[in-house]
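The structure under discussion appears below in the form of structure tokens.
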Amino acid sequence: MTTWEKGWTRVEKFIVGLLALSATLISFYGVIARYIFRRPPDWAEEIVIYLIIWAVFIAASILAEEKGHVAATLIVERFSMKTRRYLAVFNGVVALAFCVAVSILGYKIVSAAYINDERSLTALRFPVWIPYLSVAFGCTLVALRYAIRVYRLVFSFQPSEIMETHELSRDGGYEDLSKDGGYE
């Protein structure tokens, strides 16, 4: 991972932490206001939901970078490095295409909600284009992560790019797998 990618990940983690902290503090305020002062804020739950939605979609980018998304690797681990590389490129291209499609459609929905001044049905009347933007923006971040991964897999392949953490920690690392000539 390059220096700018590490910085990008740090910024995302900071933003996710800030959003989670804000959601926690607002929830705490809502509980205190409801049960101690008997005056629950009607806006707190809605804002907390929006903050969590934003945090989840930004965290999806972090997970894409750290290969933290759910993957069925039981069978894939049995293949040669060369085959695994092809499968990883295929997986990356499919994920990239999906994220680009969701981003494009998401930005269209955001645009329509903004133009029509759509608002939530609660007393807060929050502009819904802001939470809608979280989906499009988050998928854009994930698409960028997958584009970088596919580029690396095609042009600057390292076996550690496709190996799982438990494989890298085995004695011998990926050198044991190189006997089949799989990652030339």
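The values are calculated or read from the model by the stated rules, or taken from the named source; none is laboratory data. Worth saying up front: this structure is predicted, and the values here are computed from it rather than measured. So basically every Cβ, Gly included, is an ideal-geometry build from the backbone, and we count neighbours across all protein chains shown.
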If we keep just the residues of segment 61-111 that are aromatic (Phe, Trp, Tyr) and modelled with pLDDT of 90 or more, which is farthest from the chain's Cα centre (by Cα)? Tyr86
Looking only at residues in segment 112-141 that are in contact with a Phe, Trp or Tyr (Cβ under 8 Å, 6 or more places away or on another chain) and either outside any helix (DSSP H, G or I) or free of Cβ contacts under 8 Å to residues at least 12 places away in the same chain (or both), which one is farthest from Glu65 (Cα to Cα)? Ala123
Ala59: of a type in the set (Gly, Ala, Ser), in a helix (DSSP H, G or I) and closer than 20 Å to Thr2 by Cα, yes or no? yes
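Matching residues to (1) more than 16 Å from Ser134 (Cα to Cα); (2) charged (D, E, K, R); (3) over 13 Å from the mean Cα position of the chain (by Cα):
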| position | (1), (2), (3) |
| --- | --- |
| Trp4 | yes, no, yes |
| Trp8 | yes, no, no |
| Ala33 | yes, no, yes |
| Leu51 | no, no, yes |
Between a residue in segment 1-25 that is under 24 Å from Tyr146 (Cβ atoms) and any residue that is outside any helix (DSSP H, G or I) and at pLDDT below 90, which pairs come within a Cβ distance under 9 Å, given they are 6 or more apart or on different chains? Thr9/Met1; Thr9/Glu66
Condition met for Ala60 (closer than 16 Å to Glu161 by Cα and crowded, with 17+ Cβ neighbours inside 10 Å): no
Can you tell me which residue within segment 90-108, out of those that are without any contact (Cβ under 8 Å) to a residue 40 or more places away in the chain and surrounded by 17 or more Cβ atoms within 10 Å (Cβ to Cβ), is farthest from Leu51 (Cα to Cα)? Asn91
